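S.K.: Okay, here's the structure, questions in a sec.
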Amino acid sequence: MNIAQIDFYSHQNNTFLHKMSVSIKLLCLSIIILFAVFSSDYRVLAGFAIFLSGLILLLKLPFKQMFLFLIYPMIFLIFYFISIKNLSFGYAFLIITRVLTIVLGLLTVAFTTPYNKVFEVFGKFLPNKLVKIFFLSYRSIFILTEILENIFTAIKLRGGIDFKKPFKAINILKNVIGFLIITSIEKSEKMYEGLKLRGFDIND
Amino acid sequence: MNHLHIPDGVFPIWFWGLAYVIVFVYLAIILKFCKTPTKKMALAGMFSALMLVAMSIELPIGYHLNFAVLAGILLGPTLSVLVIFVVNTFLAFLGHGGITVIGLNTIVLSLEALIAFGLYRFIFVKNKNIFIKGFLSAFISLVLTSFISAGIVYAGVHDLSYMHHSHHGHKHEHNLEHHEQEMEFDIKKFLLLLIATGSIGWVIESSLTGGALQYIKKVKPEILD
């Protein structure tokens, strides 16, 4: 999962969904979620999921990449269904179509709307401090992604991580994580200094 | 698997609604009454990003790191909860966890962070080997929260009869109700699946947590003070 990559697609601005107002998109998404949560007819929900898939294909959004995001909810559903005694097909289809509809709706919005625009809308009803943390996180993602990419390039040049040798792989990864934590703390201090210089105060 | 990847639409409204209320009350208390200087908030923002970026590190068994334990140990009980909420909100917009279960996911991961914080700072405080200290704090916390996760799923879905009401007006109402009356969530089976798939991940994440803390102690020990 690479948020920086999703952000790249959301900034393409080449489809009508990219150009649509963020508030309207979020309102439509809320309606889809509420409809799916309350709906009890899996055929209608399946229709919605097919419609959203068609929309994704029509807009030439990266369907394969989006499809990968369905894996985690599906893993949960497999566990969940295995754990239900006398599972009825009606219930299973209902839950699957609900999940598909909601996740496809979310992904369509995520791949066509930059996160910062979503947070601007959040700012209308969430506390100011919280929204500022969202913005700081968003900004930091790109700084850390670049650092992580550089680290992995360096590791690859030295032979890469071989998971067939788990102890060695864990040893390399723990150093990567330790380094990443130290770097992120240092970067946060630099970011604080920059913010302070510009008169930024989280409590304003 | 300790992180609930529960999608929207599985739990009843009262259940996820209650989780949202608990989380928002906790966050409101943190934001209103706890000291939140800009420096701490910059750190919170950077650590949220770190958790999100770390998830892109692919492990071959399909497990992804979440760093809630490290957040708990390094940031403490207030800031880590704030960070976890932000991370869950980011992830929910990708269908990784659901929008309606942001509250539930925040509770589970916050418990993971809080348990690890408590173990690291109070229970294993005398242990001088930082790797073992970090490993045990992470491992116990991951195991406990997996049980809590299973408990949460059970609490939310053990009474599948609520599904009956949502099928009114459906053409297959009678057939479905007939089947659903017999449906029952088997928590033991669910736990067994969690343990079977999660145990390797717990060991990997705990080793990485212990190892990362060891690395920090060598390179920049003041962070751990």
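S.K.: Step by step: first the residues of the range B:23-42, then only those that are aliphatic (A, V, I, L, M) and touching a Phe, Trp or Tyr at 6+ places or on another chain (Cβ under 8 Å), then the one that is surrounded by the most Cβ atoms within 10 Å (Cβ to Cβ). Which residue is that? Step through it out loud before you land on a result.
M.R.: Within the range B:23-42, the first condition is being aliphatic (A, V, I, L, M), and the residues that meet it are B:23, B:25, B:27-31, B:41-42.
Retained after the next criterion (residues that are touching a Phe, Trp or Tyr at 6+ places or on another chain (Cβ under 8 Å)): B:23, B:27, B:42.
Working: B:Val23: 21, B:Leu27: 19, B:Ala42: 26.
Once the filter is applied, the top-ranked residue is B:Ala42.
S.K.: Let me ask something else. Residues that are hydrophobic (A, V, I, L, M, F, W, C) and either in contact with a Gly (Cβ under 8 Å, 6 or more places away or on another chain) or buried (at least 23 other Cβ atoms within 10 Å of the Cβ) (or both): does the range A:83-93 have at least one?
M.R.: Among the residues of the range A:83-93, not one is hydrophobic (A, V, I, L, M, F, W, C) and either in contact with a Gly (Cβ under 8 Å, 6 or more places away or on another chain) or buried (at least 23 other Cβ atoms within 10 Å of the Cβ) (or both), which makes the answer no.
S.K.: OK, next. So, A:Leu100, is that one of a type outside the set (Phe, Trp, Tyr) and more than 18 Å from B:Val86 (Cα to Cα) or not? Walk me through how you get there before you give the answer.
M.R.: Details: of a type outside the set (Phe, Trp, Tyr): yes; more than 18 Å from B:Val86 (Cα to Cα): yes.
Yes; evaluated as a whole, the condition is true for this residue.
S.K.: Among the listed residues A:Tyr115, A:Tyr42, which satisfies the condition of being within 25 Å of B:Phe24 (Cβ to Cβ) and in contact with a Phe, Trp or Tyr (Cβ under 6 Å, 6 or more places away or on another chain)?
M.R.: Just a single option satisfies the conditions, and that option is A:Tyr115.
S.K.: Sticking with this one: Residue pairs, Cβ under 6 Å, 6 or more apart or interchain, first in the range A:164-188 and without any contact (Cβ under 8 Å) to a residue 40 or more places away in the chain, second buried (at least 21 other Cβ atoms within 10 Å of the Cβ) and of a type in the set (Gly, Ala, Ser). List them.
M.R.: Close Cβ pairs (under 6 Å, with a partner that is buried (at least 21 other Cβ atoms within 10 Å of the Cβ) and of a type in the set (Gly, Ala, Ser)) amount to A:Ile170/B:Ser207; A:Lys174/B:Gly211; A:Lys174/B:Ala212; A:Ile177/B:Ala212; A:Gly178/B:Ala212.
S.K.: Looking only at helices (runs of 4 or more DSSP H) that fall completely inside the range A:1-50, which ones have 3 or more residues that are under 21 Å from B:Asn88 (Cα atoms) and assigned by TED's automatic domain parsing to the domain that holds A:Pro73?
M.R.: A:3-10, A:22-38
S.K.: Anything in the range A:107-121 that is without any contact (Cβ under 8 Å) to a residue 24 or more places away in the chain and either crowded, with 16+ Cβ neighbours inside 10 Å or at positive phi (or both)? List them, or say none.
M.R.: We begin by selecting, within the range A:107-121, every residue without any contact (Cβ under 8 Å) to a residue 24 or more places away in the chain; these are A:116, A:119.
Of everything in the range A:107-121, just one residue is without any contact (Cβ under 8 Å) to a residue 24 or more places away in the chain and either crowded, with 16+ Cβ neighbours inside 10 Å or at positive phi (or both), namely A:Phe119.
S.K.: Let me ask something else. Quickly run through the range B:206-221 and pick out the residues that are closer than 17 Å to A:Ile185 by Cβ and in contact with a Lys or Arg (Cβ under 9 Å, 6 or more places away or on another chain).
M.R.: Answer for the range B:206-221, where residues must be closer than 17 Å to A:Ile185 by Cβ and in contact with a Lys or Arg (Cβ under 9 Å, 6 or more places away or on another chain): B:Thr209, B:Ala212, B:Leu213, B:Gln214, B:Tyr215.
S.K.: Return the residues of the range A:163-204 that are under 29 Å from B:Leu31 (Cα atoms) and part of a loop (DSSP other than H, G, I, E, B); say none if nothing qualifies.
M.R.: A:Arg198, A:Gly199, A:Phe200, A:Asp201, A:Ile202, A:Asn203, A:Asp204 - these are the residues of the range A:163-204 that are under 29 Å from B:Leu31 (Cα atoms) and part of a loop (DSSP other than H, G, I, E, B).
S.K.: Being among the β-branched types (Val, Ile, Thr) and touching a helix residue (DSSP H, G or I) at 6+ places or on another chain (Cβ under 8 Å) narrows it down to one of A:Ile32, A:Ile24, A:Ile50, so name that one. Break it down into steps so the answer makes sense when it comes.
M.R.: Details: A:Ile24 fails: touching a helix residue (DSSP H, G or I) at 6+ places or on another chain (Cβ under 8 Å); A:Ile50 fails: touching a helix residue (DSSP H, G or I) at 6+ places or on another chain (Cβ under 8 Å).
Selected residue: A:Ile32, the only one of A:Ile32, A:Ile24, A:Ile50 that is among the β-branched types (Val, Ile, Thr) and touching a helix residue (DSSP H, G or I) at 6+ places or on another chain (Cβ under 8 Å).
S.K.: Return a yes/no flag: does the range B:6-25 have any residue that is within 27 Å of B:Ala138 (Cα to Cα) and not in a helix (DSSP H, G or I).
M.R.: yes
S.K.: Cβ-Cβ under 9 Å, sequence separation 6+ or interchain: first residue in the range A:84-96 and facing chain B (nearest Cβ under 7 Å) and closer than 18 Å to B:Gly95 by Cα, partner among the hydrophobic types (A, V, I, L, M, F, W, C) and outside any strand (DSSP E or B). Which pairs?
M.R.: A:Ile95/A:Leu77; A:Ile95/A:Phe81; A:Ile95/B:Val10
S.K.: A follow-up question, please. Quick one: which of A:Leu157, A:Leu144 is buried (at least 17 other Cβ atoms within 10 Å of the Cβ) and either facing another protein chain (nearest Cβ under 7 Å) or out of contact with any Gly (no Cβ under 9 Å at 6 or more places or on another chain) (or both)?
M.R.: None of the others qualify; the one that does is A:Leu144.
S.K.: Okay, moving on. Looking at (1) within 7 Å of chain B (Cβ to nearest Cβ); (2) within 26 Å of the chain's Cα centre (by Cα); (3) more than 21 Å from B:Met55 (Cα to Cα), can you tell me which one A:Glu120 breaks?
M.R.: Here A:Glu120 clears every test but (1).
S.K.: How do the helices (runs of 4 or more DSSP H) wholly within the range B:35-149 filter down when requiring 2 or more residues that are facing chain A (nearest Cβ under 8 Å): which remain? If you could, list the steps in order and put the result at the bottom.
M.R.: Values: elements: B:38-54, B:68-92, B:102-118.
Of the helices (runs of 4 or more DSSP H) lying wholly inside the range B:35-149, those with at least 2 residues that are facing chain A (nearest Cβ under 8 Å) span B:38-54, B:68-92.
S.K.: Okay, moving on. Residues of the range B:194-225 being at the interface with another protein chain (Cβ under 7 Å from one of its Cβ atoms), in a helix (DSSP H, G or I), without any contact (Cβ under 8 Å) to a residue 12 or more places away in the chain and surrounded by fewer than 17 Cβ atoms within 10 Å (Cβ to Cβ), which ones?
M.R.: Passing the criteria: only B:Val219.
S.K.: Does the range A:166-176 include one or more residues that are under 26 Å from the mean Cα position of the chain (by Cα) and more than 7 Å from chain B (Cβ to nearest Cβ)?
M.R.: Checking the range A:166-176: at least one residue is under 26 Å from the mean Cα position of the chain (by Cα) and more than 7 Å from chain B (Cβ to nearest Cβ).
The values are calculated or read from the model by the stated rules, or taken from the named source; none is laboratory data. Keep in mind the model is a prediction, meaning the values are calculated, not measured. So basically every Cβ, Gly included, is an ideal-geometry build from the backbone, and we count neighbours across all protein chains shown.
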